[in-house]
Amino acid sequence: MLHVATDSGGNLDFYSSAQQHPFYPFTLVAAILSFGGVTYFIVRAEGARWWSLLLAVVVAEVSTVGMIDVYEQSFIVPAQFLDHSSYWLAHYWGGIGPASVTILGMSWVLAAFPWWRRENARFAGTLLAAYVVTMVIWIAIGFPAVESGSPSAYLLNTINRLLSQATLVALVADPRWVETLRRKIRALARKGALGSGAAAP
């Protein structure tokens, strides 16, 4: 985060020459959303015990990184296919060692599994489905890289990054909070539909 730069498309990013891999502000926002949300709801679930905050922070950190790893794998598959490249596939899966590390990293998302709520499965599934839709749209327009300067790529990458991390939060959220959010979303959608209908000639 101390290495603020811009990519070849003029987008703000954080790039370290040591890492040689940029990450974007929306990735940071999504990670903060995930970390903060998981921490908050685990603390609420565990109650005001002295160890609950420490537990929540550790679980939130590990599961957030795990979800980022899961997202990266779903991201590189279409990228490899459309670019006719095998570099990242070999990097992550080229042998027992790399594959083991990749699987282990992805499995970290399950750190929050004891706090997943069955009642929230439908809402989390909706967020996950929306994520898949944005990926399909991105692939349909040719899967342009964010650094290409394409506004569509930047927007779609922003949305599906946020959706992937929000899915993790939705799984551990208080069901009452989820139901309240769903009602608000339905009300906004209904209001929008009525508004567009009234504006029609």
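Data for the structure
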quantity: Virtual spin-label span in nm between residue 155 and residue 21, 7 Å along Cα→Cβ; calculated: 2.9
quantity: Vicinal HN-Hα couplings computed from phi for the range 24-29 (Karplus, 6.51 cos²θ - 1.76 cosθ + 1.60; Hz; Gly/Pro x); calculated: 9, x, 5, 5, 5, 4
quantity: Range of Cα positions in the range 80-167 per principal axis (Å), largest first; calculated: 39, 36, 17
quantity: Full-extension gain in nm, residue 133 to residue 72, via 0.36 nm per residue minus C-alpha separation; calculated: 20.3 nm
quantity: Under-5 Å amide H pairs with residue 149, H placed in peptide plane, nonlocal only; calculated: 9
quantity: Label-point separation, residue 113 to residue 176 (7 Å along Cα→Cβ), nm; calculated: 2.9
quantity: With DNA, RNA and ligands ignored, accessible area of residue 96 (1.4 Å probe; Å², nearest 10); calculated: 140
quantity: Rounded Å value of the spacing that divides the Cα centres of the range 82-144 and the range 154-195; calculated: 20
quantity: Rough spin-label spacing in nm, given labels placed 7 Å along Cα→Cβ, for residue 93 and residue 5; calculated: 2.9
quantity: Heavy-atom accessible area per residue - the chain, 1.4 Å, Å²; calculated: 60
quantity: Cα point-scatterer Debye curve for the range 31-151, base-10 log of I(q)/I(0) at q = 0.12, 0.20, 0.21 Å⁻¹; calculated: -0.59, -1.18, -1.22
quantity: Stretchable slack from residue 183 to residue 50, in nm (0.36 nm times residue separation minus alpha-carbon distance); calculated: 44.5 nm
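The values are calculated or read from the model by the stated rules, or taken from the named source; none is laboratory data. Computed from a prediction, not measured in an experiment: that's the story for all the values here. Cβ atoms come from the backbone with ideal geometry, glycine included; neighbour counts cover every protein chain shown. Surface accessibility is based on the protein's heavy atoms, side chains included, excluding ligands, DNA and RNA. Shrake-Rupley method; radii C 1.70, N 1.55, O 1.52, S 1.80 Å.
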